[in-house]
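Notes follow the structure.
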Amino acid sequence: MSQPFRVGDLTMHRIIEQVIPFSLPQDFLPSLTDAVLAANRGWMEPTDLDPATGHLVLCIQSYVVRTPHFTVLVDTCVGNDKDRPRFPAWNQRRDTAYMAALAQAGLRVEDIDYVMCTHMHVDHVGWNTVLRDGRWVPTFPNARYVFAEREFAHWSAAHSREPVPVYADSVLPVVEAGRAEMVSDTHALGDHIRLTPTPGHTPGHVALELGKGRCEAVLTGDLIHTRLQARYPELSMRADVDPVLSAITRRAFLEKHHDAGTLCCTSHFPSPSTMRLSRWGDGFRCDMVEP
């Protein structure tokens, strides 16, 4: 179980669904060379790179942010009962780990006031909905689901051209239930949470800056997936819709936060998943910290 931690007057929890050796590094990061991987293998194994399989280790998780006024769940992982034939480890899952982790954090689905998604990929919207009596319904019955309007417009347009299963079962049912709120990519939720645009991985991808009056922590979403991308910010991953923009966004993010001492809370880094940044040549070092 992940332990809660404090950021100013916020209490945060990591809700871990899965930790898996996910992909060969060169498949995940198409421009990664064998020489660069070999030069970094020593510090990557065994935490970031599984010695047995040679695969990058990724954590699939949500963050819960408890402000003095409301409780927010950020990104909702893969979910259960969903057809994901492209991803065998995620296809038709019937797993109790996610809901058990939520319960261990002292939370019920009814306790979530807002659900926020950094973007609408398969592993960030899955628990938006659950299957009930043959229909997809919102998992969190009292929550408003906050979506960046640019991200929603992108996937809505894509779905109108050709069905997008993730949008159909994990986003559209929330909208049809009247639980969605479309906001700008600089929207503020109360005094403690602000969206900031971080495009490239998807067109409307956002990060979340946390803290009252200043940015004390940031939830990165998928602007970075592995510490190797901090060392070499121009390494973009295979699912980035715009790899060039993704690299520009990532470097700008790293430049902004490395001097500020910001606690960076990543979506997919192995535990503890939280880091502070420092310079490393032309790139950056991720110093993993237990908050």
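Laboratory data are not the source of any read-out in this text; all were calculated from the coordinates shown. Bear in mind that the values here come from a model prediction, so they are computed numbers and not experimental data. Cβ placement follows ideal geometry from the backbone for every residue including glycine, while neighbour counts extend to all protein chains displayed.
Below is a table of values for the structure above.
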item	result
Built amide H within the under 5 Å cut-off of Leu49, gap 5+	Val57
Radius 14 Å from Cβ of Leu37, net charge of other residues (Lys, Arg +1; Asp, Glu -1)	-2
Packing-based exposure ordering (other Cβ within 10 Å, fewest first) of Arg251, Arg238	Arg238, Arg251
Amide H partners (placed H, <5 Å) of Trp280, local residues excluded	Arg285
Length gained when the stretch Arg6-Asn91 is fully extended (0.36 nm per residue, less Cα-Cα span)	27.1 nm
Potential lengthening between Glu255 and Arg132 on full extension [0.36 nm per residue; Cα-Cα distance subtracted]	39.7 nm
Where labels lie 7 Å past Cα in the beta-carbon direction, separation of Glu149 and Thr53 in nm	4.1
Per-residue Cβ neighbour rank within 10 angstrom, fewest leading, Glu181, Glu110	Glu110, Glu181
Rg and Dmax of segment 151-291, Cα atoms only, in Å	16.2, 50
Residue-by-residue Karplus 3J(HN,Hα) for segment 25-42, coefficients 6.51, -1.76, 1.60, Hz, glycine and proline x	x, 5, 6, 6, 10, x, 8, 5, 9, 4, 5, 5, 4, 4, 5, 10, 4, x
Spin-label pair Arg214/Arg279, simplified geometry with 7 Å Cα→Cβ offset, distance in nm	2.1
Mean Cα-pair separation over length for segment 5-288, i.e. relative contact order, pairs under 8 Å, 6 or more apart, %	16
Note, ³J(HN,Hα) from phi for segment 73-79, Karplus 6.51, -1.76, 1.60, rounded to Hz, x at Gly and Pro	9, 10, 6, 10, 6, 9, x
³J(HN,Hα), Karplus 6.51/-1.76/1.60, whole Hz, each residue of segment 52-69, x for Gly, Pro	5, 9, x, 8, 5, 8, 10, 9, 9, 7, 10, 10, 9, 10, 9, 8, x, 10
Likely footprinting exposure, Thr53, Thr67, fewest C-beta neighbours within 10 Å first	Thr53, Thr67
Arg108 versus Thr33: modelled label distance in nm, points set 7 Å from Cα along the beta carbon direction	5.8
Computed helical MRE - 222 nm, the chain, DSSP H runs ≥ 4 contributing -39500 (n - 2.57), nearest 500	-6500 deg cm²/dmol
Fluctuation leader among Gly106, Gly221, Gly178 - the chain, Gaussian network, Cα springs under 10 angstrom	Gly106
Amide H contacts under 5 Å for Gln61, placed H, 5+ residues apart	Glu17
DSSP beta bridge pairing in the chain, given as percent antiparallel to the nearest 5	75
